[in-house]
Amino acid sequence: MDSTVSSRLYEHALRIIPGGVNSPVRACRSVGRDPLFIRRAKGSKIYDADGREYLDFVASWGPMVLGHADDRVVAAIKDAAVNGTSFGAPTELEVKMAQTIVDAVPSVEMVRMVNSGTEATMSAIRLARGYTGRDLVVKFDGCYHGHADGLLVKAGSGLATFGIPGSPGVPDDVCKNTLSLPYNDTAAFEACMRQAGARIAAVIVEPIAGNMGVVPPADGFLETLRRHTRETGALLIFDEVITGFRVGWGGAQERFGIRPDLTCLGKIIGGGLPVGAFGGRQEIMRRMAPEGDIYQAGTLSGNPLAMAAGLATLDVLMGADVYETLDRKSTLFWNGMKECVKEAGIPAVVNAVGSMGALFFTSDPVTDFVGAMRSDRERFARYYSLMLDRGVYLAPSAYEASFISMAHCESDLERAWDAFRDSLRRLS
Ligand code: PLP
């Protein structure tokens, strides 16, 4: 092992933290590297513990849509912190956050704050089961909804990265209530609903899949989910933990014009602090305790620092033309990448929606998990290293999204293209 600060920290961490990291993909094992330990970040740049600068396209896995350490967000956190960091009691900030979400997200009339995306999906599923009185949950292969037991079946993100279909510790009894179907396969979904529709509590989906790279919904896919769930009385849950406030002010549901029954949020609404939320129609949400009988709780839920950081972020995103500008810049970037791929003559596909995108080393279009898994992992690992050595920080997995932030400027994009062009040349 070399003697950088990162390598020394990693060596230490390996002795006292499983795998040396607090979330598996961070360990960079699938790309054959040791993790960089990060000391600070500002705007579009991130700096490791050895002081090296990288252009960041991970964005903390999505939340940092304004870029890192945005002055407005930092000021809001400082202001909130001097007044106390947690009360375990209601605050005005929570009400403002709830109102902002209700105003922004078309299907949400009432919302409950939690502390992570995992908590949001787990609680939404409990609510759907309690509300419908049914047990079965339908999800889609390659979608990741956090690490709650029943949602790990054929999941994306770290499970795809490490090629594990579920996890020891999840009882078969729990898994038997999860049905996982191919993403974008309307016929398989219709067959499932015909057979088991009356027993299905919820259909949960990433409306734009962002945990097997990026896979947009095929025309008619989300509409089919909406139609059949309505007909059978199952609740449709959009997991917008990534897409919420990322692909538009009203998320993917606004972009595609579909109203789910429940929506899960996280990432951006916490401005980089731990957060999650789930919401939906009043009639359903009123079943939550203490108004209703379905239990869910949290010591730090609605934490004032997270609310302040989230509100400061949303305040910027609320501005005129923010998403048009972000989308324009992003489209330019993805198109530039496609040009580089063409020039290099390497079989690769770029999938993107707005400011989220991914590169797959395969010549076939990627429309589902099987397609994503066709991406050449060994080539991705070499590509990752080449990019890192050229100062571009990407997610260390072929099955994660890259994110453009408002802080990326034209020269950042050009720098990334140069690194990309050079890396592809060396790969071919
Ligand atoms: N849902 C989606 C779509 C996600 O991408 C993630 C995490 O990346 C989660 C849920 C879980 O969120 P968290 O990591 O905050 O628990």
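Taken together, the values in this text are just the output of simple stated rules run on the coordinates, not laboratory data. On a predicted model such as this, the values are computed, not experimentally measured, just so you know. All Cβ positions, even for glycine, are placed from backbone atoms using ideal geometry, and neighbour counts span all protein chains on display.
Below, the figures for the structure above:
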{"quantity": "Computed over the range 143-203: relative contact order in percent, which uses C-alpha pairs under 8 Å that are six or more apart", "calculated": "24 percent"}
{"quantity": "Derived scalar couplings ³J(HN,Hα) [the range 29-46; Karplus, 6.51 cos²θ - 1.76 cosθ + 1.60; whole Hz; x for Gly, Pro]", "calculated": "5, 5, 10, x, 10, 8, x, 8, 8, 9, 9, 7, 8, 8, x, 8, 10, 10"}
{"quantity": "Those lysines that a straight Cα-Cα span of less than 27 Å connects to K45, excepting residues fewer than 8 apart in one chain", "calculated": "K78, K267, K329, K338"}
{"quantity": "The range 217-304: GluC sites (Glu not before Pro) in DSSP loop, at most 14 other beta carbons within 10 Å", "calculated": "E291"}
{"quantity": "Once the Cα gyration tensor of the chain is diagonalised, semi-axes √(5λ) in Å", "calculated": "32, 26, 21"}
{"quantity": "Rounded, prolate or oblate (a/c below 1.5 giving rounded, otherwise prolate when a/b exceeds b/c) for the range 231-274 by Cα gyration tensor", "calculated": "oblate"}
{"quantity": "Packing-based ranking, highest mean first, of 298-311, 267-280 given that Cβ atoms within 10 Å are counted", "calculated": "267-280, 298-311"}
{"quantity": "Linear extension gain, E343 paired with D79, 0.36 nm per residue minus alpha-carbon span", "calculated": "90.0 nm"}
{"quantity": "Sites V102 and W417, calculated FRET efficiency, Cβ-Cβ separation with R0 45 Å, nearest 0.05", "calculated": "0.65"}
{"quantity": "All-pairs Cα distance distribution in the range 104-233, expressed in whole percent, bin size 5 Å", "calculated": "2, 10, 19, 24, 23, 16, 6, 1"}
{"quantity": "Linear extension gain, R15 paired with Q195, 0.36 nm per residue minus alpha-carbon span", "calculated": "59.8 nm"}
{"quantity": "Listed residue (G169, L262, F333) projecting farthest to the positive dipole end of the chain, Cβ model", "calculated": "G169"}
{"quantity": "Extension reserve of the A89-D293 stretch, reckoned as 0.36 nm per residue once the Cα distance is removed", "calculated": "71.4 nm"}
